[in-house]
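The values are calculated or read from the model by the stated rules, or taken from the named source; none is laboratory data. Everything quoted here is computed from the prediction, not taken from an experiment. With ideal geometry, Cβ positions are generated from the backbone for all residues, glycine too; neighbour counts draw on all protein chains shown.
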């Protein structure tokens, strides 16, 4: 598996986890972000960044961003984004 595929798989997994929290739970803590170290499916040591921010107006939909990168190569990382709609629909 290539580096890009490995990082993308790790980012997709983390984004799926990030999306398990609902709008009501996250609205109390948005904007918020965190960075932590972990491993990709292929065992590469990487940094995971997870951020929740308002998509547009305060109190509206919440944008979830995940960035996964090797600590020495931030610019080569993978960033994925999804939204948690205030009305509960998936985007």
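Every condition in (1) touching a helix residue (DSSP H, G or I) at 6+ places or on another chain (Cβ under 9 Å); (2) surrounded by 14 or more Cβ atoms within 10 Å (Cβ to Cβ) is met by residue 1 except one, and the failing one is (2). Taking region 43-71 as the range and being touching a residue at least 12 places away in the same chain (Cβ under 8 Å), loosely packed, with under 14 Cβ neighbours inside 10 Å and outside any strand (DSSP E or B) as the test, the residues that pass are 59, 71. Can you find a residue in region 4-22 that is under 17 Å from residue 84 (Cβ atoms) and loosely packed, with under 11 Cβ neighbours inside 10 Å? Within region 4-22 (the criterion being under 17 Å from residue 84 (Cβ atoms) and loosely packed, with under 11 Cβ neighbours inside 10 Å), the answer is yes, since at least one residue qualifies. Just one of the listed residues (11, 4, 18) is modelled with pLDDT under 95, in contact with a strand residue (DSSP E or B) (Cβ under 9 Å, 6 or more places away or on another chain) and within 14 Å of residue 77 (Cβ to Cβ), and it is 4. Residues in region 67-77 that are in contact with a helix residue (DSSP H, G or I) (Cβ under 8 Å, 6 or more places away or on another chain) and at pLDDT below 80: 76, 77.
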